Every structure is written in structure tokens, then in C-alpha cells.
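Asker: Below you'll find the structure I mean.
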Amino acid sequence: MKFIPRKAQAEILTYESGTLGVSAVPGSGKTHTLAMLAAKLAEAIIHSYSSPFIPGTEPVVLVVTFSNSAVNNFKARIAGLMSERGLVPGVGYEVRTLHSMAADIVRGGGANLGLDPEATIIDALTSSYILEKIIDRLPTARLREAFDAVRSDSMKANYLEQVFQDSWKDKVLSICQNVIKRAKDLGISARQLHGALAEAEDDELGDYRLLSLTADVYTEYQAKLAAYPGMDYEDLMTYAYRILSSDGVSLKRARERWPFILEDEAQDSSAIQENVLRLLVGERGNWVRVGDPNQAINVSFTTSNPAYLKNFLAEADRTVDLDCSGRSTKSILSCANRLIRWTIGDHPIPMMRAALTEPYIHLTPGNDSSPNPRDEPLRVVFDPKGYTADQEVAVIGNLAVRHTQLYPDETIAILAPTNDRGVRFSDYLRSSEIEVVEFLQSSPQDRDAGKILSTIFKWLARPRVMKNEFIDVVKVLLARPRELDFYLTEPEREQVFRILTQFRQEKVVDFFYPASEDDFETCLRSIGGDEIVFQTIVRIRELARKWLEARGIRIDQLVLLIAQDVFIDPVDLSIANRLAGAVLRATQADPFANFDTMAEQIIEASKRPEVVAGQGGDEGEFDPGLYRGKIVVTTYHKAKGLEWDQVYLTSLNNYDFPIGKGYKENGYTEFYRSEVYYARGRLDLQSETIEQMVCLCSEPPRTYIEGEATRRSADAYAAERLRLLYVGITRAKKGLYGSRNLGKMRTPMCEAVAVRALRESFGGADREGKAK
């Protein structure tokens, strides 16, 4: 069907130069519109090329976005549009992630900064691993000094000691990760931070021991990156900015190469990304920014800030609202609009009323090629009952199963606030006859493969048969599918473990390398057991010896060697290949890593989406339409950019969707994930440490006031969660069902205030999901 642009889309396609800001509501067709604009501008650029054309030397339209999958999506769309115009796909435009763009700038001008041309870009997992090793090697006294600087004096000493032993290192790791990211985003070097701390030593207004510890970790982290040599994603943007701001030749070359910049998902820009793009564009450049401030849901765990897009929309030469959406029914769009209207006009905390902004979402025109689905008001339901955590899983799971049976052609999703919560839903639903599709941080297959490989590596760290590690290896092997060599009945498995217990007091060589194989077989058979059991033990021993003897090969090759022996599923082998790469990078960062450390890295990597992506890749490559009649379980964050016919929003309580600091109501209490219960005044230690750094490194230095950053962080988090609720609502096309649980704290969680306002507009439900 031929694309007929709506009025706002047609206005965007008239763009020729200057700055244009586009605020695009969910389902408004922004991706296709931006792709059409890119194709139009690319065609004009191609016609301006001199002949003969030399690829790489002519100007191109640059489309920048935030994920590899979005890059692939744009490339496919623009290529199709170029073909329709009779032009060669891939000519006249480039589609890049911001980090890919920065990498090009660094490769072209890094020598001027003295950067090592052999430096590699390290991923988030390797970065985390380097920081973890630095913190592991810190003196206990230094860690305790920082802990004492922030701990609450009102808690019992034995309790505080338990916290210090069990979780303080993990907390320090999290703080260091985020403070370093923020420092790089603001252009604050480790040396600058140390200098500011030295001048503040006598400042009685703030205790900087935790920040001082973080600065030391920052310094050592950068030293290790230089020795690697490598740079993390934040360094890429920092170095790109330094090159463009200090090297006029590099800046001129970049501006000539990219005379037009089209930016997607601009609500997720950070300070350093904003600065790099502004340098590239210049004062009179051509810049189109498309985004939705109401979908800025990454603020609390990245350095992004929707204020940059909002400011651009206020200053751009032209602005256009893409405010028509054919995705959802009238009732669902009304629900989203009421949330905006309530936030702007009725939010009980005035400073929170900017969390959501106009435009409201409008239905598509009557003659539109993408009309809204038929309205079904009774399918918008907010359940007023508060369930226990387990009850909510059962109620929503049963409703989803029932819906799938009644509407087998519809797409269905359950949205959870966290991956762990999503796993609870998946585990419950697997007992049903309906297929469950996990679209979480990692799939069960990712985690299972990681657990198997990690178990084997733990044993390789201490290869003694009488230890539990080898028994765990045997259990893992015997649990594999019947297609493998080790399928046994339960009684036969019991025989295996009974026989292996006889070797517990023997030296390792007695089991793996006996003086005589005949003696070994005689000893084995003397214990008694079935022939298949003897053969299985011999086969397991052969594999174990093979792995032992291969411990000296490169670590990624060892992972793949073991994977070939224990996996037959191509997906498992693909996961193992990615895990092998992750472990190799970790050992390159720390040549002294042992097999215990590698086992931990395998487990961690199997949980990380950027290391072990599901078969659909990241969220932009996931197609809900492929899973009709199945139940998709995902998180609110991963659901962004996707849509389903029926959506279940879960955990709509005031813990996962708080209202903000200062709200007063009888019996109402809020808790925030970032606030540390053992810290003085329940401080948000990460926000306070960042605030100390910003205050000390400002020109001139600002006065640090303890607690202000914690309050601002809580309000920013509450604002982000309102936007997350908006994102959840706008994933639904035909039906929306909201539920909440009471949490697991001593004080039961209340219904989120924003959700209560929506429920009072749309009504509640009974246990069967019938609207009241």
C-alpha cells in the first residue's frame, strides 16, 4: 500500500535545512517519517556529487540512533526507499549509533591526543570486571573508612558489620561505576577530581571519604585502560569531543562529511553526546532531532536527560508535533492522555508536574491508511485489589492464559518492573499449556548454558574428585537431554553417585590417572552396578581428563572445547561462543584471573543482554507479531518501541511507581530503591557522591548540602516512573489490565497514586477481570 503522509508527517518532509525539532507520540510513525526524510535528503546530495564518484569522499546524510537494532531497522527502511527512487541503497547516507560515530572521529583524529591506535573499545562487562578487581584489592581499612563515613549511628554494631562484610563492596562497585560515568559525561578527569578533593580537605561541610575512595578507583581504572590499551564507551564520546573542540581540521572534515544530522530517540541524549552533536552541527548547521520527552525512561541508570531535547524544541527554527497514532483504541489513548493531563494539572507535588508534557495523542483521521483498532472500553481495567507477590503472579498468569485461549490470534504481553519479577511470571506460566516467550535481560537458555559452563570451570579451579565441585559437574552432565551420552534413569544416576563417593578419600590421580587402567576398571566394578553406569562414569572421566589437559590453551578456546562436548543445540553453542568472547576480554583485562574468577564471569555474562543476546537480538529486533497465541513476559523498559494487542501492567504499587518526596496522606509511606537503609538519613549514596563531585569541581566550587541530592534523585526517579507507566500504557493496542502487589516489606505497599487516579476514571475489576 502506498504511504500517504499525514499532515504533520508531510510538514516534516518539507524540511530542507536548519534546525527542526519533532515531538513524536508513541505509534506516530516517526521511524518511517525520519527514514523518508533521510532518503529525500540523500537523493539531493547524490545529485550534487561530482563525477566520477569516489565512495567515502563525498558528503552524506548522517542518521544517528541509540542501538544497533535501530540502526539495522533504519538501514532496511532507507534502502527500500532509495530503491523505490531508482537509487543505489547505501549511497548518500550513513546510519550509525552515537558510539559508532564517535569511534570514527577518534580513529581519524586520536593521534593528535596521543591515543594508542591499537586501543580497543571494551564492553560494559569488561569495564565492570576491571572495576571489580580494583575494588577487591583495596585494603579493608580503606573500605571500612568509607563505610564509617556514611553509616547510620542508630543501627546495631553487629548488624552494620554484617552489611559491611556482605554487601559493601558491591555497593562501592555500583557507586564507582556511576560516578565515573557521570564524571566522564561532565568532562571531569580523575586528576581534576583529586585536585578538587585536595583543596577541600579542610572543608567541614562535607565528609568526602567515599568520594576520595571513588577518585582513587577512577585513577587506577583509567591507568588499567591505558595499559590494556583500551577505552570504554564513555571515553569514546569524551575523546570525540576533545578532538572536535581542539582540532579544527578534524572538525572541518567531520562537518563536510556530515552536512545533515538526523537524530532519533533524542530524549535519551546525555551532556557529552549533546556537546559532540552541537560541535558537529555548528551554529548554522542542519540538525533534525526526533524524540518523545514522555518516553525518557533511562535517566536513573544512565547519564541521559530529556531536558536537552526539551531545550532544543524551544530553540529550533521549526517544531512539529507528530501527535496522531493509529496503534491503540480510543480508550487506551484516553488513558494515556489522562495520565498526562493528571500529571500536568493535578499531581499533588507541583514540581513534579513537568514529568509529562503535551502533546496529547490524537486518533488518526478517518481516511488514514492506519486506522485505530475498534474501541472496546471494557478492555481497559485497573484491578483495585492488592495481592501478595505470589497471588499477583497467579492471578495475572491465569488471566493471560485465559485470554490466550479466548483470543488465540492476538499478541499478549505481561510487563514486569524487573527481570527477576519477570522470571517469576515465566516460571508460573510454564506449568500451563500456553507457550511462554521470555523477553527479559537473559533467557532461561542463556542462564542454563552459563550455569553449566560455570560449574565446569569451578571444578577446573580445584580438580579433586572428592570435592563437591566434581559431583556438581556430574550432576550437570547427567541432567542434559537424552540425545547426549549421559542419559540415565533415576536409579542409574543414584548408582553413579554411590560409586563416586568411594573415591572421595583418594588422590585426584587415582581417579583420573591410575597406575593401570585395568586396576581402575577392576576397582570400579568391585563396587557394583549396572554396565551402563560403568560406561557412563568412564565416559565422564574421559571428558574431564580432556578438559584438565586443555587448561593451558587460550581461555575462549577452552570454553568452546567444553561447549562442543556438552551442547548439541545450535542456540546453546551460539551462546557459548559469545560467553567465550566475554571471558577472553576479562582475562585480557586481568592476566592473573583464575578459574574461579572465570566461572563468575561466565555467570555474569550469561545475565547480560549486551553479551548474550537472545535469538532476536535486542529489543528493536523483537517482533511481537511472531508470537500470536503465546504469552510474552518482559519488562517495562524492554517493551519500549513494541506493541501487543493485550498488555498486563503489573506491580502498580507506590514502590515501583512512587509519587515523589513530600506527599502527605494518612498511612502513606514510600521507599526508594536508591536509598540505603544502613546509611545516615537513608541517603542515596550514589547521588550524594556525584553531587559532592559536581560541587567540588564546579567553577567556582559550590557548597555541598547533604541530603539535597537524595531528594532530587527521588523526585527524578518518581518522574521517570510516571513516564515508564505512560510507556507501559501505550504498548497496548486493544486491551490493558493493571494489577498491583503489596510488596514484601513490613509495611504493605499502597496503590500508586497515579494509578489510583486512572482507576477512578476507568473503573476496577473483579477476580475474573470483569469491569465494574
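No lab work stands behind these numbers, since they all come straight from the coordinates. Because the structure is a prediction, the values reported are computed rather than measured. Here the Cβ is made from the backbone with ideal geometry for all residues, glycine too, and neighbour counts use every protein chain on show.
Asker: Can you give the angle from 0 to 90° between the axis of helix 157-186 and the longest principal axis of the chain, with both taken from C-alpha atoms, to the nearest 10?
Answerer: Long axis of 157-186 versus the principal axis of the chain: about 40 degrees.
Asker: Also, I was wondering about something else. Kindly express, to the nearest 10 degrees and within the range 0 to 90, the angle between helix 30-48's C-alpha long axis and the longest C-alpha principal axis of the chain.
Answerer: 70
Asker: Multiply the residue gap between E490 and S154 by 0.36 nm, knock off their C-alpha separation, and tell me the result in nm, one decimal place. Don't jump to the answer; show the numbers that get you there.
Answerer: Numbers: separation 336, 0.36 × 336 = 120.96 nm, distance 5.39 nm.
My answer for the length gained is 115.6 nm.
Asker: How much length is gained if the chain between F301 and E283 is pulled fully straight, taking 0.36 nm per residue apart and subtracting their Cα-Cα distance, in nm to one decimal? Display every interim value, and only then the final one.
Answerer: Details: separation 18, 0.36 × 18 = 6.48 nm, distance 3.14 nm.
Fully extending the segment from F301 to E283 adds 3.3 nm.
Asker: Let me ask something additional. For a label point 7 Å from the Cα of Q391 along Cα→C-beta, name the residues of the range 725-742 whose backbone N is under 15 Å from it.
Answerer: Under 15 Å, as judged by backbone N against the label point of Q391, lie 739-742 of the range 725-742.
Asker: Gain in length, T120 to Q564, computed as 0.36 nm per residue apart minus the alpha-carbon separation, to one decimal in nm? Please list the in-between numbers first.
Answerer: Details: separation 444, 0.36 × 444 = 159.84 nm, distance 2.88 nm.
Residue separation times 0.36 nm, minus the Cα-Cα distance, leaves 157.0 nm.
Asker: Please report the net charge: other residues with Cβ closer than 9 Å to the Cβ of R680, K and R +1, D and E -1.
Answerer: Details: positive: R151, R682; negative: D153, E706.
My count for the surroundings of R680 gives 0.
Asker: Further, regarding this structure: Taking square-rooted eigenvalues a ≥ b ≥ c of the alpha carbon gyration tensor, is the chain rounded, prolate or oblate, where a/c under 1.5 means rounded and, failing that, a/b exceeding b/c means prolate?
Answerer: Numbers: a/c = 1.42, a/b = 1.31, b/c = 1.08.
It is rounded, given that a/c, with a ≥ b ≥ c, falls under 1.5.
Asker: Which value in Å is the Kirkwood Rh of the range 1-135 over different Cα pairs?
Answerer: Values: mean 1/r = 0.0568 Å⁻¹.
Computed over the range 1-135, the radius equals 17.6 Å.
Asker: Quick one: net charge around I340, please, counting Lys, Arg +1 and Asp, Glu -1 for every other residue with C-beta under 12 Å from its C-beta. Don't skip to the answer; put the middle values down first.
Answerer: Details: positive: R338, R341, R353, R723; negative: D292, D323, D346, E358.
Result for the local shell: 0.
Asker: Still on this structure, I have one more. Rounded to the nearest 0.05, what FRET efficiency do R525 and A550 have when you use their Cβ-Cβ distance and R0 = 22 Å? Provide the component values of the computation, followed by the final result.
Answerer: Values: r = 29 Å, r/R0 = 1.31.
E between R525 and A550, to the nearest 0.05, is 0.15.
Asker: Less than 15 Å Cβ to Cβ from P658, Lys/Arg counted +1 and Asp/Glu -1: what total charge do the surrounding residues give?
Answerer: With Lys, Arg at +1 and Asp, Glu at -1, the net is +2.
Asker: As a quick test, which of the pairs K638/K734; K330/K385; K181/K458; K30/K181; K458/K546; K638/K661 have an alpha carbon distance above 24 angstrom in this structure?
Answerer: Working: K638/K734 20 Å; K330/K385 26 Å; K181/K458 32 Å; K30/K181 30 Å; K458/K546 16 Å; K638/K661 27 Å.
Distance filter (> 24 Å) returns K330/K385; K181/K458; K30/K181; K638/K661.
Asker: Using only Cα atoms, find the angle between the long axis of helix 444-461 and the longest principal axis of the chain, and express it within 0 to 90 degrees, rounded to the nearest 10.
Answerer: Relative to the chain, helix 444-461 is tipped by roughly 40 degrees.
Asker: Which FRET efficiency, nearest 0.05, do E410 and E145 yield, Cβ-Cβ r, R0 45 Å?
Answerer: On the way: r = 58 Å, r/R0 = 1.29.
It comes to 0.20.
Asker: List the residues, sorted by chain then number, that are 5 or more residues from E438 or on another chain and whose placed amide H is less than 5 Å from its amide H.
Answerer: Residues meeting the amide H criterion: V633.
Asker: Now for a different question. Does the range 248-367 classify as rounded, prolate or oblate by the C-alpha gyration tensor (a ≥ b ≥ c root eigenvalues; a/c under 1.5 gives rounded; else a/b over b/c gives prolate, otherwise oblate)? Could the numbers behind the result be given before it?
Answerer: Details: a/c = 2.80, a/b = 1.73, b/c = 1.62.
Note, shape of the range 248-367 comes out prolate.
Asker: Still on this structure, I have one more. So, in nm, how far is label E16 from label R712 when the simple model puts each one 7 Å beyond its Cα toward the Cβ?
Answerer: So the two model labels end up 4.4 nm from each other.
Asker: Hey, another quick one. What order do you get for 249-259, 390-400 when each peptide is scored by the mean count of other beta carbon atoms within 10 Å, highest first?
Answerer: Working: 249-259: 16.5, 390-400: 20.1.
Final packing ranking: 390-400, 249-259.
Asker: Pop out the Kirkwood hydrodynamic radius of the range 444-607 from its pairwise C-alpha distances, inverse of mean 1/r, in Å to one decimal. Could you put the intermediate results ahead of the total?
Answerer: On the way: mean 1/r = 0.0608 Å⁻¹.
Kirkwood hydrodynamic radius for the range 444-607: 16.4 Å.
Asker: Can you say what percent of the DSSP beta bridges in the chain, counting only those with both residues inside, are antiparallel? Round to 5.
Answerer: Working: 5 of 54 bridges.
In the chain, DSSP labels about 10 percent of beta bridges as antiparallel.
Asker: If packing is taken as the mean number of other Cβ atoms within 10 Å per residue, what is the order of 665-677, 11-23, highest first?
Answerer: Numbers: 665-677: 13.3, 11-23: 18.5.
Peptide ranking by packing, descending: 11-23, 665-677.
Asker: Shape call for the range 122-228 from the C-alpha gyration tensor, a ≥ b ≥ c root eigenvalues: rounded (a/c under 1.5), prolate (a/b greater than b/c) or oblate?
Answerer: Numbers: a/c = 2.24, a/b = 1.28, b/c = 1.76.
Judged from the Cα gyration tensor, the range 122-228 comes out oblate (a/c at least 1.5, b/c at or above a/b).
Asker: Mind giving me the nanometre distance, one decimal, between the label points for H32 and D170, set 7 Å out from Cα along Cα→Cβ?
Answerer: 4.6
Asker: Rank by packing, highest mean first: peptides 157-170, 78-91, 117-130, with packing defined as the count of other Cβ atoms within 10 Å averaged across residues. Don't skip to the answer; put the middle values down first.
Answerer: On the way: 157-170: 12.9, 78-91: 15.5, 117-130: 18.3.
Ranking, from highest mean packing down: 117-130, 78-91, 157-170.
Asker: Using a Förster radius of 41 Å, what is the FRET efficiency between R374 and K475 based on their Cβ-Cβ separation? Nearest 0.05, please. Could you put the intermediate results ahead of the total?
Answerer: Details: r = 54 Å, r/R0 = 1.31.
The value I calculate is 0.15.
Asker: Oh, and also: Please give, to one decimal in nm, the separation of the simple spin-label points placed at S761 and D427, each 7 Å out from Cα toward the Cβ.
Answerer: Reported label-point gap for S761 and D427 is 3.7 nm.
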